[in-house]
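**Q** My questions all concern the structure below.
The values are calculated or read from the model by the stated rules, or taken from the named source; none is laboratory data. Owing to the predicted nature of the structure, the values given are computational and were not obtained by experimental measurement. Glycine also receives a Cβ, built like all others from the backbone with ideal geometry; neighbour counts cover every protein chain displayed.
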Ligand SMILES: [Zn+2]
């Protein structure tokens, strides 16, 4: 369908006071998982369900994941379904209800759970991560209703639990217990990461490999080094050798920032306490972010090869183990309908060129991509998530609502527009 852009912009601006009011209501309900000392998301889910009922936005379903650690006994996942002309293909927008703890309260200028408005922004825990996603998707749905549009695709808004602490009771639970929710050709948007002008559409993630290198030699007095086996020297050589990994795994993909795989030595365990002792034991860690085209097994093998060389050269014993081994899923194709449609919306509504990108971190999209579902992570953000004085710009709420409404209005079966 043809979208009346000026009308869409006007409607979203009219809703700004409502968006702020909903943000304030949600911020006042701290929804934290038990790992973060909270009692889960039930109260926040109730407030959201109430809101959706009042606005008559569609059918609501509670998909509860049992969890004895919280007082109600479950972690709620809410589904709002807005029936479209197509019942077998959906546009799904996934936001999370839980927030992280405020941290050191003295770093906040206000009560983190009593949202304040300051000129161009609202400030409070959760306003950007991830209430911006919740509020924008709900107001996009309100615009759809106000304009009396039946979307071509069924629209599903999912408000999930447990994103900040691993998603086992949230998205992972839904994928395992309610797999019918997601279909191969669905368009899925996770508005939980992005950049300041909305030009970054995250479609790929690197694999993460954390390697622990433990070196055993022989401790002795530093005045007679020939009696020992100095593990700090061996460790230093190991790190220098590891520079060759960039040559062993040279692929580069301009979609990623940075474009190549990275192999960074990070943490080192303390060894001896005094200067005149040669250490007989050292442990060092590497954080590697590997392009999805490489099998992590081959990277571990390359670390083993370095270990053998260091053992031969220094007479030490080198043990390699992995602290994190997360093979990335194949990227969402840059020409898949959800990506193309977001870029089209950003062009039409903001006159900006949005691009498909890869990142070195991991988002919940990984769970979906591992099941071969096409998902785009996109949002316009200030990147203050998890920080004191977390804020959300009012204009970002308005503009992201427009993009989501555009997606609801224009996504259709078979092709992207
Ligand atoms: Zn988040």
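**Q** Quick one: how many residues across segment 172-191 are in contact with a strand residue (DSSP E or B) (Cβ under 6 Å, 6 or more places away or on another chain) and either outside the structural domain of residue 335 (by TED's automatic domain parsing) or over 16 Å from residue 91 (Cα atoms) (or both)?
**A** Residues meeting the conditions: 1.
The rows are residues; the columns are (1) in contact (Cβ under 8 Å) with a residue 40 or more places away in the chain; (2) surrounded by fewer than 19 Cβ atoms within 10 Å (Cβ to Cβ).
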| site | (1), (2) |
| --- | --- |
| 347 | no, yes |
| 354 | yes, no |
| 361 | yes, yes |
| 365 | yes, no |
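**Q** OK, next. Would you confirm whether or not segment 144-156 contains a residue that is buried (at least 22 other Cβ atoms within 10 Å of the Cβ), in contact (Cβ under 8 Å) with a residue 12 or more places away in the chain and within 16 Å of the ligand (Cβ to nearest atom)?
**A** Scanning segment 144-156, I find no residue that is buried (at least 22 other Cβ atoms within 10 Å of the Cβ), in contact (Cβ under 8 Å) with a residue 12 or more places away in the chain and within 16 Å of the ligand (Cβ to nearest atom), so the answer is no.
**Q** Does residue 224 count as exposed (fewer than 15 other Cβ atoms within 10 Å of the Cβ) and in contact with a strand residue (DSSP E or B) (Cβ under 9 Å, 6 or more places away or on another chain)?
**A** Against the criterion (exposed (fewer than 15 other Cβ atoms within 10 Å of the Cβ) and in contact with a strand residue (DSSP E or B) (Cβ under 9 Å, 6 or more places away or on another chain)), residue 224 qualifies.
**Q** Have a look at 281, 323, 390 and point out the one that is touching a residue at least 60 places away in the same chain (Cβ under 8 Å), within 16 Å of the ligand (Cβ to nearest atom) and more than 27 Å from residue 187 (Cα to Cα).
**A** After ruling out the rest, the residue left standing is 390.
**Q** Here is a follow-up. Could you figure out which of (1) at pLDDT 95 or above; (2) out of contact with any strand residue (DSSP E or B) (no Cβ under 6 Å at 6 or more places or on another chain); (3) in a loop (DSSP other than H, G, I, E, B); (4) within 15 Å of the ligand (Cβ to nearest atom) isn't true of residue 128?
**A** Result: residue 128 fails condition (2) only.
**Q** A further question follows. Considering each of 273, 264, 297 in turn, give the residue that is free of Cβ contacts under 8 Å to residues at least 60 places away in the same chain and in a strand (DSSP E or B).
**A** One residue alone meets the criteria, 264.
**Q** Which residue pairs have Cβ atoms closer than 8 Å, lie 6 or more positions apart in sequence or on different chains, and pair a first residue in segment 68-80 that is free of Cβ contacts under 8 Å to residues at least 24 places away in the same chain with a second residue that is surrounded by fewer than 21 Cβ atoms within 10 Å (Cβ to Cβ) and assigned to a strand (DSSP E or B)?
**A** 73/66
For (1) within 23 Å of the chain's Cα centre (by Cα); (2) closer than 25 Å to residue 146 by Cα; (3) more than 16 Å from the ligand (Cβ to nearest atom); (4) at pLDDT below 95, each residue gets a yes or a no:
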position: 45; (1), (2), (3), (4): yes, yes, yes, no
position: 53; (1), (2), (3), (4): no, yes, yes, no
position: 60; (1), (2), (3), (4): no, yes, yes, no
position: 63; (1), (2), (3), (4): yes, no, yes, no
position: 71; (1), (2), (3), (4): no, no, yes, no
position: 99; (1), (2), (3), (4): yes, no, no, no
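**Q** Still on this structure, I have one more. How about segment 372-387: which of its residues are modelled with pLDDT of 95 or more and either closer than 24 Å to residue 288 by Cα or not in a loop (DSSP other than H, G, I, E, B) (or both)?
**A** 375, 376, 377, 380
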